[in-house]
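Nothing in this text is a laboratory measurement; each read-out follows from the coordinates by a stated rule. These numbers come from a predicted model, not from an experiment. Every residue, glycine as well, gets a Cβ built from its backbone with ideal geometry; the counts of neighbours run over all protein chains shown.
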Amino acid sequence: MEQFRCYAMKKGNRWVASCIDLNLVDCAETFDTVVDKLKENIQLYVGDKDPAVLRAAPFSYRFQYQWITLKIWIGNWFRKPSSQYYPFIERWDGFRLRAVGA
């Protein structure tokens with residue numbers, strides 16, 4: 001099973017979601033919509049190809065994922081949840097994606 005690291009981030013009045021293991025990016029008006037669009041794009045990408053062939057995102061996207069994960073961890077430690085960032089992991093089992101968490 002392959003795992004794909006993703007994150008969603010609010011920029012202005014839009015949400016931007018990125019999969020850093022496949023270099024896929026989507027944007028939409030709502031969080032749920034952008035996550036659904038990104039999941040659909042991941043399924044389309046890995047459904048046609050061998051998931052072992054990853055095309056990693058640029059360093060800036062991977063760094064941003066790590067930075068968001070750190071900010072969420074620190075915020076949770078101080079009990080200050082963020083509504084601007086959301087890291088998540090999707091697992092591909094060969095047929096569909098399953099959410100794993102962050």
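In this calculation the C-beta distance from Trp77 to Val16 is compared with R0 = 22 Å, giving a FRET efficiency of 0.30.
Charged side chains reduced to their Cβ positions (Lys and Arg at +1, Asp and Glu at -1) give region 2-101 a dipole of some 500 debye around its Cα centre.
Amide H to amide H distances under 5 Å link Leu24 with Cys19, where only residues 5 or more positions off or on other chains count and H is placed in the peptide plane.
Can you compute the label reach from Arg98? Point 7 Å from Cα along the Cβ direction, backbone N cut-off under 20 Å, restricted to region 11-50. Backbone N within reach: 36, 39-48.
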